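One structure is given here, and the rest of the page talks about it.
Each value in this text was obtained by applying a stated rule to the coordinates, not by laboratory testing. This structure is a prediction, so every number in the text was calculated from the model and none was measured. Quick reminder, even Gly has a Cβ in these numbers, built from the backbone with ideal geometry, and neighbours come from all protein chains shown.
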Amino acid sequence: MKLNLPLSFLGVLGLLLLGTTFQMAQTQWPWPVTPFNQSQEITGNFCEYRDTSPGGHFHNG
């Protein structure tokens, strides 16, 4: 089954989906964080050992 949709329709649909995805990402991860005029505390880094679970684990992000 072949769809014969105009290329412009597919382009508009692609831009709509891309814009929606971008807006959702912006609302989920507001960056940079406030306050803007101060240094931010670093609360974790890669491969930092944490014992917050019964078996312990290395932090991956």
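Points worth noting:
- As a rough guide to protection, the peptides 43-56, 8-21 ranked by mean Cβ packing within 10 Å, highest first, stand as 8-21, 43-56.
- Formal net charge of residues neighbouring residue 58 (Cβ-Cβ distance under 9 Å; K, R +1; D, E -1): 0
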